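Worksheet for the structure shown next.
The values are calculated or read from the model by the stated rules, or taken from the named source; none is laboratory data. These numbers were taken from a predicted model, which means no experiment stands behind them. Here the Cβ positions follow ideal geometry from the backbone for every residue, glycine too, while neighbour counts run over all protein chains shown. In case anyone asks, the SASA skips ligands and DNA or RNA and just uses the protein heavy atoms, side chains included. Shrake-Rupley method; radii C 1.70, N 1.55, O 1.52, S 1.80 Å.
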Amino acid sequence: MNVIVIGCGYVGKAIARQWQHHGFTVTATTTTPARIAELEAVAHRAILLSGNDTATMQAELEGQHTVLLSVGAPRADAYEETYLQTAKTVVQALQSVSSVRQLIYTGSYAVYGDRQGAWVDETSPVAPANRNGEILAETEQRLLDAANDQLKVCILRLGGIYGPGRELAKIFARAAGTTRPGDGSDASNWIHLDDIVGAIDFAQSHQLHGIYNLVHSKPLTTRMVLEQVCRQNNLSPVTWDATSQSNRPYNARVSNQKLREAGYSFKYPNMVF
Ligand SMILES: NC(=O)c1ccc[n+]([C@@H]2O[C@H](COP(=O)([O-])OP(=O)(O)OC[C@H]3O[C@@H](n4cnc5c(N)ncnc54)[C@H](OP(=O)(O)O)[C@@H]3O)[C@@H](O)[C@H]2O)c1
């Protein structure tokens with residue numbers, strides 16, 4: 001099994017390591033020359049690849065069986081070049097590559113937008129709340145449009161990512177002791193790194209195609225998450241200003257039922273603090 005992990009950051013590196021343990025031949029990509037040695041430790045090969053480099057993309061996809069697209073934007077103004085441009089380049093390259101059987105993409109539940117806390121599943125229409133959400137939705141669509149009899153496309157819509165090295169206390173360190181807009185009752189959806197690796201591995205071994213939400217089973221409110229994180233880490237509690245509107249545009253309770261019904265068993269069905 002030849003696999004390429006395009007974008008080998010927090011998620012990509014973890015799955016590259018797992019696939020290498022399975023005995024897969026893993027190619028890992030980065031845009032940063034200084035990361036090559038680090039990635040060589042978790043992959044058969046580590047290469048420099050930018051999401052707009054069609055020639056290198058085509059050369060590197062040739063002979064691969066599975067492509068994992070796991071790029072992440074370094075800045076809020078880099079979504080188009082990171083997600084959409086890279087997706088376009090992958091799709092274009094795949095037109096002249098016949099070996100690839102499956103393309104897996106780690107997207108985001110941000111595409112559901114603000115649903116006032118209502119439950120959403122994969123049949124719910126996307127309703128991005130801002131331009132970056134629109135870019136993520138367009139990225140998914142570009143990739144789904146590339147599916148055919150020979151190529152399965154699997155979109156995983158991830159919740160907020162946490163895990164070793166990206167602990168909740170680190171993520172929320174700056175929020176501690178502050179007053180946040182709203183009452184904290186908006187839903188927030190999270191996923192532990194171990195289940196991201198587990199679900200990507202499952203998607204590959206079961207050749208999943210289509211869209212799957214990848215979030216914990218029970219969404220919590222932002223308030224519950226922050227209270228627990230601050231309490232467990234001896235951080236100053238967060239207070240809420242209910243007279244102003246919440247600035248989180250992702251108020252939806254995301255269901256993971258489809259992935260569970262496909263047979264994936266979550267290591268952490270609920271958030272771990
Ligand atoms: N963070 C979250 O809470 C969250 C929530 C929902 C979904 N997600 C999704 O999870 C996925 C993985 O996130 P992550 O935390 O693993 O990201 P990450 O650690 O920031 O890693 C991102 C990777 O993408 C590469 N990259 C960035 N721009 C690129 C470009 N233009 N061309 C090629 N490669 C590029 C980076 O290259 P370098 O090695 O050069 O840095 C890096 O290897 C993302 O697809 C994101 O949409 C994240």
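Tell me whether the range 1-137 comes out rounded, prolate or oblate; compute the Cα gyration tensor, take square roots of the eigenvalues as a ≥ b ≥ c, and use a/c under 1.5 as the rounded threshold. Prolate is the answer for the range 1-137, as a/c is 1.5 or above and a/b outweighs b/c. Full extension of the chain segment joining Asn52 with His22 gains 7.8 nm, where the gain is 0.36 nm per residue of separation less the Cα-Cα distance. Projecting the Cα atoms of Ile47, Thr31, Val11 onto the charge dipole of the range 10-60 (Cβ charges, centred on the Cα centre) puts Val11 farthest toward the positive pole.
For the options Asp195, Asp149, Asp186, a Gaussian network treatment of the chain with springs between C-alpha atoms closer than 10 Å singles out Asp149 as fluctuating the most. Checking every one of the trypsin sites (Lys or Arg not before Pro) in the range 67-151 against DSSP loop status and a limit of 16 other Cβ atoms within 10 Å picks out Arg75, Arg101. If you fit an axis through the alpha-carbon atoms of helix 222-232 and take the longest principal axis of the Cα set of the chain, what angle between them do you get, 0 to 90°, nearest 10? Value to nearest ten degrees: 80.
Relative to the longest principal axis of the Cα atoms of the chain, helix 193-205 runs at roughly 40 degrees.
Across the protein chains, with a 1.4 Å probe defining accessible surface, the residues Ile135, Ile161 rank Ile161, Ile135 from largest area downward. When the Gaussian network model of the chain links Cα atoms closer than 10 Å, the mean-square fluctuations of Thr123, Thr27, Thr82 top out at Thr123. Projecting the Cα atoms of Ala176, Gln150, Ser188 onto the charge dipole of the range 148-217, computed from C-beta unit charges around the Cα centre, puts Ala176 farthest toward the positive end.
In the context of the full set of protein chains, residues of the chain present 46 Å² of accessible surface per residue (probe radius 1.4 Å, heavy atoms only).
Between Gly165, Gly117, Gly72, the residue with the greatest mean-square fluctuation in the GNM of the chain (Cα pairs under 10 Å linked by springs) is Gly165.
Quick one: pull the percent of accessible area on the chain belonging to carbon and sulfur, 1.4 Å probe, ligands and nucleic acids left out. Write out the running numbers ahead of the final one.
Working: 5810 of 12470 Å².
That fraction is 47 percent.
For the range 180-242, a simple Cβ point-charge model (Lys and Arg +1, Asp and Glu -1, everything else neutral) yields a dipole of about 120 debye relative to the Cα centre.
What net charge do the residues around Gly51 carry, taking every other residue with its C-beta under 13 Å from that of Gly51, with Lys and Arg at +1 and Asp and Glu at -1? Present the calculation step by step, with values, prior to reporting the outcome.
Values: positive: Lys88, Arg142; negative: Asp53, Glu60, Glu80, Glu81.
Here the charged neighbours net out to -2.
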